[in-house]
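Below you'll find the structure, written out as structure tokens, and then a few comments.
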Amino acid sequence: MTDIVTNLWLSLPDGIQFTSYTLLKVFIILVPLFIVVAYYTLAERKVIGYMQNRIGPNRVGPKGLFQPFADMFKLMFKEIIIPTKSNRYLFIVAPILTFAPSMAAWAVMPFTDTLVFADINAGLLYILAMTSLGVYGVIIAGWASNSKYALLGAMRSAAQIVAYEIAMGFSLVGVLMAAGSLNLGDIVNSQAGGIYHWFILPLFPLFMVYLISGVAETNRAPFDVAEGESEIVAGFHVEYSGMTFAVFFLAEYANMILIAMLASLMFFGGWLSPLPSLMGDNIVWLFLKTGFFMLLFLWFRATFPRYRYDQIMRLGWKVLIPVTIVWLVVEGFLVYFKVGPWFN
Amino acid sequence: MPEIKNYTLNFGPQHPAAHGVLRLVLEMDGEVIERADPHIGLLHRGTEKLAETKPFNQNIGYMDRLDYVSMMCNEHGYVLAIEKLLELEIPERAKYIRVMFDEITRILNHLMWIGTHALDVGAMTMFLYAFREREDLMDLYEAVSGTRMHATYYRPGGVARDLPDAMPQYQESRWRSKKEAARLNENRQGSLLDFTEDFTNRFPGYIDEYETLLTDNRIWKQRTVGIGVVTQERAFQLGFTGPMLRGSGVEWDLRKKQPYEVYDRMDFDIPVGTNGDCYDRYLVRIEEMRQSNRIVKQCISWLKDNPGIVLSENHKVAAPRREMAKADMEGLIHHFKLFTEGYTVPEGEVYTAIEHPKGEFGVFLISDGANKPYRLKVRAPGFAHLSSMNEMATGHMLSDVVAIIGTQDIVFGEIDR
């Protein structure tokens, strides 16, 4: 039986072999990602629920475990309402434009030394490019909706992204100065040698800037001005319903997971074990670290009030960017004098 | 180059921060508010007109529905007006019960305010914390009156009935295990006063929790300090009362300045702000909750020591007890008269005001000697506060409008009446 399958496979032309092999790999990454996104939404409701003295969804399935599927089916069967006088093509394109880059960014994500879909040398740059593309979807959605609330949300998002892209980019410059590579796998490997070799120690200010701008990039509380529930109702996606809304939602959560995983890769040694003499490197470490940062996103949301739009800008331009610049200079000296266990 | 124009944004009535049915027409220059025009009337139910067609006692229930987050205080203003016209003396114990429930109501109202204000500013956890405590207070309402909100508990001549000796208990059910029910019933074993006392002991700790979340929170301060500043002078001119006035630094509280019931025997302080911004008003209200808690404690200790009647013995106005109505001819006649045509109030007009959680709640009552009011005018504090929306919001940003709505503590039941 296996022979037949193998022979059948080998008899296919190279092009088809390559394409189907690649597609298979894409599915192996994306299907678990969707499942994680689905259960991340449930986890959010449960975790925030317990933080707020309530129990969250517990009706659908055992302990509410099928809730994400119920939500999914509900959204799939809802009508997609296209507002009158909206630009209907842009209106449909916008969610796709947000969704596609947030998925594409996962292509270069290394899970272990060898488990990586596209091991390209400019991995970090690629991810930066992809995550900043997503905001166009938000802006276009706000514009195409023909709604003042949506337009305000889009405007806020556009202004915010400019400030926070720079801060985030600068903090990543620090990482690549330390690692000497843009390849995510190499960045992790250069932190090898236990918890003291992780970049979090020399790059702590940059890590804070990265984390804050990561939360801001994904439009999560306390930086959710583009959505601004109590101010501009739902901001840029106020007019979206059904699957178009779900696609925005998927993109947001996929981005949160992406930011969380990047934080653990770049500052916390990814799949590397904190104490290599006791425990080996394992993909489980990566998931644990990522899970922690994912929890942080929820924790922030349950704790903080929302910033005002101009306060976000002030924080971005006047605090985060100067901090990164100063620390880049400091790091330059650290690297030059080969300080530490990190730069020698 | 196209001409740049301001645009108008319709904020509400279907809006998460509209606090019911507020409709604001905002003229905006980008995110900055040029003019804020509140539109009212979407919750108008004609309470004042309805009151002219009903015997005095039947209007008490309408008062609950004015400001539907501080129910008993509204009733209080109304029954005080009737009592003043009738020159009716009420039993001492009823006065203490009224003061206690006024302060419980103040806590209820301020909990609702802090929950929604924080939710509007984005701190959604506060909302659920506040509702956890509101639940206990609602249980007190339910224990004395049978309903969680619209109590109709105060009556001309006192209160409807004495405080119960037992609290209602949670039952085991499909959703609530025996252990869970026992845990919930733990502090409900004694009388209502015991349960209230237990609450007053727990409550300062809860306020500390709220303050940990908000008071020194940088984001909270950034969102409230310097927002919606009202000077002392302007606060007088705009007709502010209550925490809005005290936030601007005026030490004015009817409970101290024109004491009614037994407030002159209570030991409490009036917090005042200095800058008149949203943050000061926040601090004032937080401190008011602590002070209310103090007053409730004092009432509990008095009420525990002094049993007695809670409704006037003048049965021309106050209903006789059930046994009297069944056994005694005179009682039966009083009962019949009261529940058919009610009682008449001497001709005249009267204005009474109480320190409502939101400000001065005034009732202007004209009687022509009939069994129902000739005219009833309610002075709702929220109306004056909402009128200042334009002044408070102009020059601020859209997000601040939401904070200002929160700080004004608007409820449309009383504004639209």
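Numbers at a glance
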{"item": "Segment A:244-279 and segment A:299-344: distance between their alpha carbon centers, rounded to Å", "result": "19 Å"}
{"item": "Net length gained if the chain between B:Thr8 and B:Thr212 were fully extended (0.36 nm per residue, minus Cα distance)", "result": "69.6 nm"}
{"item": "Estimated 222 nm signal from helices in the protein assembly as shown, with DSSP H stretches of n ≥ 4 weighted -39500 (n - 2.57), rounded to 500", "result": "-18000 deg cm²/dmol"}
{"item": "Buried on assembly, segment B:369-405 (at least 50 Å² less accessible surface than by itself, 1.4 Å probe)", "result": "B:Met397, B:Ser399"}
{"item": "Nonlocal amide H pairs with A:Gln52, under 5 Å, H built at 1.01 Å", "result": "none"}
{"item": "Among B:394-406, B:337-349, the order from most to least packed when residues are scored by Cβ within 10 Å on average", "result": "B:394-406, B:337-349"}
{"item": "Karplus (6.51, -1.76, 1.60) ³J(HN,Hα), θ = phi - 60°, over segment B:318-329, in Hz, Gly and Pro reported as x", "result": "9, 4, x, 5, 4, 4, 5, 5, 7, 9, 10, 4"}
{"item": "Amide H contacts of B:Val225 (H built 1.01 Å from N, under 5 Å, at least 5 apart or other chain)", "result": "B:Tyr279"}
{"item": "Fraction of accessible area attributable to carbon and sulfur, segment A:203-272 (%, probe 1.4 Å)", "result": "72 percent"}
{"item": "Nearest-10 value in Å² for the accessible area of A:Arg54, using the 1.4 Å probe", "result": "90 Å²"}
{"item": "Accessible area of chain B belonging to carbon and sulfur atoms, whole % at 1.4 Å probe", "result": "52 percent"}
{"item": "Calculated from backbone phi, Karplus (6.51, -1.76, 1.60) coupling profile of segment A:274-289 in Hz, x at Gly/Pro", "result": "x, 10, x, 6, 9, 10, x, 5, 7, 4, 4, 4, 4, 5, 4, 5"}
{"item": "Threshold 10 Å², segment A:274-311 residues less accessible with all protein chains present than alone (1.4 Å probe)", "result": "A:Arg301, A:Ala302, A:Thr303, A:Phe304, A:Pro305, A:Arg306, A:Tyr307, A:Arg308, A:Tyr309, A:Asp310, A:Gln311"}
{"item": "Mean Cα-pair separation over length for segment A:115-178, i.e. relative contact order, pairs under 8 Å, 6 or more apart, %", "result": "25 percent"}
{"item": "Positions from segment A:228-255 whose accessible area shrinks by 40 Å² or more when the full protein complex is built, not the chain alone, probe 1.4 Å", "result": "A:Ser230, A:Glu231"}
{"item": "Hits among lysines - C-alpha to C-alpha of B:Lys377 under 29 Å, sequence gap 8 or more where chains match", "result": "B:Lys49, B:Lys54, B:Lys84, B:Lys95, B:Lys256, B:Lys257, B:Lys316, B:Lys337, B:Lys358"}
{"item": "Scattering curve values for the protein assembly as shown, log₁₀ I(q)/I(0), Debye with Cα scatterers, q = 0.09, 0.10 Å⁻¹", "result": "-0.94, -1.08"}
{"item": "Average accessible surface area per residue within the protein assembly as shown, 1.4 Å rolling probe, Å²", "result": "43 Å²"}
{"item": "Built amide H within the under 5 Å cut-off of B:Arg155, gap 5+", "result": "B:Ala160"}
{"item": "Relative contact order for segment B:24-153, counting Cα pairs under 8 Å that sit 6 or more residues apart, in percent", "result": "21 percent"}
{"item": "C-alpha center-to-center spacing [segment B:110-150, segment A:38-76] in angstrom", "result": "25 Å"}
{"item": "Pairwise centroid distance, computed over Cα atoms, of segment B:60-93 with segment B:304-347, Å", "result": "17 Å"}
{"item": "Share of carbon and sulfur in the accessible heavy-atom surface of segment A:67-183 [1.4 Å probe, %]", "result": "71 percent"}
{"item": "Qualifying GluC sites (Glu not before Pro) for segment B:51-142 [loop in DSSP, other Cβ within 10 Å: at most 16]", "result": "B:Glu52, B:Glu87, B:Glu89"}
{"item": "Interface area, A with B, accessible, probe 1.4 Å, both sides summed, Å² nearest 100", "result": "2800 Å²"}
{"item": "Computed over chain A: relative contact order in percent, which uses C-alpha pairs under 8 Å that are six or more apart", "result": "20 percent"}
{"item": "Using alpha carbons only: equivalent-ellipsoid semi-axes of chain A, gyration tensor based, whole Å", "result": "32, 29, 21"}
{"item": "Cα lying deepest toward the dipole's positive end in the protein assembly as shown, options B:Asn109, B:His150, A:Leu8, charges on Cβ", "result": "A:Leu8"}
{"item": "Reachable aspartates and glutamates from B:Lys179, criterion Cα separation under 13 angstrom, eight or more residues apart if same chain", "result": "none"}
{"item": "Vicinal HN-Hα couplings computed from phi for segment B:337-354 (Karplus, 6.51 cos²θ - 1.76 cosθ + 1.60; Hz; Gly/Pro x)", "result": "4, 5, 8, 9, 9, x, 10, 9, 10, x, 4, x, 10, 8, 10, 10, 9, 10"}
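The values are calculated or read from the model by the stated rules, or taken from the named source; none is laboratory data. Keep in mind that what you see is a predicted model, and the values were worked out from it rather than measured. Glycine also receives a Cβ, built like all others from the backbone with ideal geometry; neighbour counts cover every protein chain displayed. These area figures cover heavy atoms from the full protein model, side chains too; ligands, DNA and RNA do not enter into them. Shrake-Rupley method; radii C 1.70, N 1.55, O 1.52, S 1.80 Å.
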